[in-house]
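Structure, as structure tokens:
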Amino acid sequence: MTVANRQWAGGSGTVGHLEADVLVIGGGLAGLRAATAARAAGASVVMAHHGRGASQYIIGFNAPVGHADPRDGPEAFYDDTMAGGYRLNDPALVRQLAEGAVPALLELEAIGVPFARDGSRFAQRLLSGNRYPRSVYHPEGVGRHALDRLAPHARALGVTCLSGYRALTLLVERAEVAGALLAEVAKGRLIAVHAKATVLATGGVGAIYADSTYPADVAADSFALAHAAGAELIDMEFIQFEPTVVVHPAGCQGMEMPTAMLGDGAHLKNREGERFMFRYNPAHGELQIEKARMSLAIQDEIDAGRGLPDGTVLFDTRVLAPDKRESYAGHCRRLRAAGLDPAVEAPRVRPAAHSVMGGIRVDASLRATVANLFAAGESAGGVHGASRLAGNGAADVIVFGGIAGKQAAAHARNATHAKRDRDALVRDALAQLPQREGTAGAPSPDEIASGVRAAMLAGVGLRRRAEGLARTAETLESLSRSLAGGLALKSARDWIRAIGAASMVATGLHVTRSALARQESRGAHQRTDHPAPDDGKWLQHVIVTPRGATLAA
């Protein structure tokens with residue numbers, strides 16, 4: 001790996017230069033798994049991130065070890081995932097998930113990640129949409145423990161870690177990705193990382209919704225970066241709303257109440273104390289129903305006037321056996337710190353934007369449709385179809401992060417690239433970014449971001465129709481014009497925020513236009529003007545092409 005600093009020709013500051021076989025953008029579990037896998041395969045690796053994303057909140061993930069129920073296994077897991085995705089999933093990706101989850105579990109255990117045990121066997125929980133208990137977990141959350149083990153493991157392997165850096169744009173030459181231009185968020189320092197293979201693993205749509213479970217550092221960057229570099233996107237219309245997100249107590253607002261608690265015996269109740277899920281899922285109530293359907297049922301109950309005055313329902317933790325309730329140690333601790341004892345009072349919940357099933361279009365090797373680019377975790381689309389099975393988001397990042405890293409290393413090992421003019425690449429990259437400072441009264445980057453969030457929640461929420469989608473598209477197009485006209489920029493940090501706001505606008509438009517294109521209801525995409533699924537026409541994907549067109553394929 002070589003490092004150099006030189007003056008950016010035509011600019012006012014210096015741009016640092018790094019070279020590596022593989023660049024991984026993202027520092028959550030998908031990024032760490034990719035970085036460690038690539039380094040273990042012999043590649044030199046740079047991993048850049050400005051946060052840990054949602055990984056720190058992962059409680060557990062699906063792994064069909066069959067310890068809780070011997071009927072479970074990769075084939076049952078495959079079938080449940082395909083059914084939960086309304087058969088719009090990529091079968092090859094689902095097969096890799098089903099067969100790779102247990103080996104990934106054992107890899108994490110081998111580096112010291114702890115999991116709850118039932119004697120010598122893994123303890124497993126039943127999550128919504130799964131036939132069998134298959135989620136392996138830790139009472140304090142697997143995510144934080146996995147991050148605490150993987151981060152030092154990556155450094156010990158020799159991964160170069162750039163913490164506090166955000167990717168501004170990918171470096172592209174002759175229609176091939178050649179790395180990325182990064183900014184140190186705190187100081188505005190620029191570094192160009194030149195790489196033979198780049199892995200995008202920065203999470204999902206995050207900040208484009210006003211009411212969201214996403215941490216602030218998940219800001220839809222991957223989709224805008226990949227698309228601007230020439231990659232296709234897939235299934236961007238499918239935005240999953242987590243059904244049980246805390247509204248009260250206020251100190252836990254935005255925290256997800258795990259559907260595993262429902263599997264352990266918690267109830268959803270309306271203002272009358274009725275377990276209303278039997279109205280929507282008569283045979284099983286809160287169980288054996290995937291999240292998209294559960295979110296719609298909860299919202300229907302609220303819309304019918306049977307919710308609490310604040311537009312919520314009760315997540316009744318009081319009915320749980322004490323040992324079951326207290327096994328969710330992190331959630332119980334946070335609720336009590338916020339002034340609510342889950343043993344005597346029920347938290348109040350409602351659906352909130354949570355995850356995207358679509359993303360960068362990849363093949364079974366996690367390769368994007370532009371050369372030298374890979375994607376993993378929520379940045380990649382295809383495995384979840386129209387709705388994500390509970391527990392599969394974490395399984396996705398853990399399984400496919402490792403696959404993406406191995407494949408990127410193999411690609412870099414076999415790559416034969418011509419020597420590139422590094423300074424010219426940087427100049428070309430900078431020219432594609434927002435540069436103009438607006439005149440007096442120009443909006444700030446934060447005002448653009450707030451406009452995106454409000455427009456997306458208003459028109460591209462749990463239920464959509466053509467008129468609302470069209471209004472959201474018009475609003476986003478207007479915000480895009482404001483970006484082109486220049487923003488109020490007072491510092492390097494404002495400039496970085498402006499680039500982030502541009503990514504939010506671009507991603508919001510991809511989601512909205514894809515939702516307009518899919519004229520049916522399926523899974524996490526519900527059109528009130530097209531309320532039924534249409535397998536004859538729409539058992540296919542919506543693709544966003546490099547030129548921004550939305551096509552069925």
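The values are calculated or read from the model by the stated rules, or taken from the named source; none is laboratory data. It should be emphasised that the depicted structure is a prediction, and the values quoted were computed from it without experimental measurement. Glycine also receives a Cβ, built like all others from the backbone with ideal geometry; neighbour counts cover every protein chain displayed. When the accessible area is computed, the model is the full protein with side chains, heavy atoms only, and any ligands, DNA or RNA have been set aside. Shrake-Rupley method; radii C 1.70, N 1.55, O 1.52, S 1.80 Å.
Descending by average beta-carbon neighbour count within 10 Å, the peptides 217-228, 403-414 line up as 217-228, 403-414, the highest first. Summarising the strand pairing of the chain, around 65 percent of its internal DSSP beta bridges are antiparallel.
Other residues lying with their Cβ under 14 Å from the Cβ of SER327 contribute a combined charge of 0, Lys and Arg counting +1, Asp and Glu -1. Model label points for TYR57 and ALA186, set 7 angstrom from Cα along the Cα-to-Cβ axis, are 2.5 nm apart. Both radii come from the Cα set of segment 100-171: Rg as radius of gyration, Rh as Kirkwood radius; their ratio Rg/Rh reads 1.10.
Probing with 1.4 Å while keeping every protein chain in the model, the per residue accessible area of segment 112-228 equals 33 Å². Nonpolar atom fraction for the chain, defined as the carbon and sulfur part of the 1.4 Å probe accessible area, stands at 49 percent.
Rg and Dmax of segment 124-265, based on Cα coordinates, read 18.9, 57 Å. Note on GLN288 and SER120: their simple-model spin labels are 3.3 nm apart, each label 7 Å out from Cα toward Cβ. Between ALA553 and THR528, the distance separating the two model label sites (each 7 Å from Cα on the Cα→Cβ line) works out to 3.3 nm. Shape index of segment 33-99: Rg/Rh, with Rg the Cα radius of gyration and Rh the Kirkwood radius from the inverse mean 1/r over Cα pairs, equals 1.08. Structural descriptor for segment 507-547: relative contact order 36 percent, calculated from alpha carbon pairs under 8 angstrom and at least 6 residues apart.
Around LEU551, under 15 Å between beta carbons, what's the net of Lys plus Arg minus Asp minus Glu among the other residues? Neighbour charge sum, excluding LEU551 itself: +2.
Summing charges over neighbours of ALA43, with a neighbour being any other residue whose Cβ is under 9 Å away from its Cβ, gives +2 when K and R count +1 and D and E count -1.
Quick one: length gained pulling ARG279 to SER480 fully straight, 0.36 nm per residue minus the C-alpha distance? Contour length minus the Cα-Cα distance gives 68.0 nm. Pairs of Cα atoms nearer than 8 Å and 6+ residues apart set the relative contact order; for the chain it is 20 percent.
Annotation for segment 407-468 versus segment 191-267: alpha-carbon center distance of 16 Å. Sorted from greatest to least, the principal axis extents spanned by the alpha carbons of segment 258-374 come out as 56, 33, 28 Å. Compute the acute angle (0 to 90°) between the alpha-carbon long axis of helix 492-517 and the principal axis of greatest extent of the alpha-carbon atoms of the chain; round to the nearest 10°. Computed tilt is about 60 degrees.
Lysine pairs in the chain 8 or more apart or on different chains: how many have alpha carbons under 30 angstrom apart? Total qualifying Lys-Lys pairs in the chain comes to 9. Taking 0.36 nm per residue of sequence separation and removing the Cα-Cα distance, the ALA431/ALA210 pair yields an extension gain of 76.5 nm.
Relative to the longest principal axis of the Cα atoms of the chain, the long axis of helix 29-40 makes an angle of roughly 50 degrees. The separation of segment 518-539 from segment 149-183, counted between C-alpha centres, amounts to 39 Å.
Axis of helix 466-485 versus longest Cα principal axis of the chain: the two differ by about 30°, to the nearest ten degrees.
Taking every DSSP beta bridge that has both ends in segment 1-131, the antiparallel portion is near 65%. With a Förster radius of 56 Å applied to the C-beta separation of ASP323 and ALA458, the computed FRET efficiency comes to 0.80.
Taking a ≥ b ≥ c as the square roots of the Cα gyration tensor eigenvalues, with a/c under 1.5 meaning rounded and otherwise prolate when a/b beats b/c, else oblate, which class fits segment 91-132? Don't skip to the end; give the middle numbers.
Details: a/c = 2.92, a/b = 1.27, b/c = 2.30.
Verdict is oblate for segment 91-132.
Overall form of segment 308-463: oblate. Here a/c, set by the Cα gyration tensor axes a ≥ b ≥ c, is 1.5 or more, and a/b is not larger than b/c. Structural descriptor for segment 256-343: relative contact order 32 percent, calculated from alpha carbon pairs under 8 angstrom and at least 6 residues apart.
Mind giving me the FRET efficiency for ARG155 and THR545? R0 is 45 Å, r the Cβ-Cβ distance, nearest 0.05 is fine. Taking R0 as 45 Å, the efficiency between ARG155 and THR545 is 0.70.
As a rough guide to protection, the peptides 292-300, 74-82, 489-497, 22-30 ranked by mean Cβ packing within 10 Å, highest first, stand as 22-30, 292-300, 74-82, 489-497.
P(r) tail for segment 26-156, what percent of Cα pairs lie past 18 Å? Considering segment 26-156, 57 percent of its Cα-Cα pairs are separated by more than 18 Å. Calculated [222 nm] ellipticity per residue, helices only, for the chain: -11500 deg cm²/dmol; basis is -39500 (n - 2.57) per DSSP H run with n ≥ 4, divided by all residues, nearest 500.
Measuring max minus min along each principal axis, the C-alpha atoms of the chain give extents of 68, 54, 50 Å (largest first).
For segment 250-314, the average shadow cast by the Cα convex hull is 4.5 nm², which is a quarter of the hull's surface.
In square angstrom, what is the accessible area per residue of segment 354-509 with a 1.4 angstrom probe?
37 Å²
Look at the Cα gyration tensor of segment 279-348: its axes a ≥ b ≥ c give a/c of at least 1.5 with a/b at or below b/c, and that counts as oblate.
Here segment 201-290 is treated as a sphere whose radius is the Kirkwood value from Cα pairs; by Stokes-Einstein at 25 °C and 0.890 mPa s it diffuses with a coefficient of 155 µm²/s.
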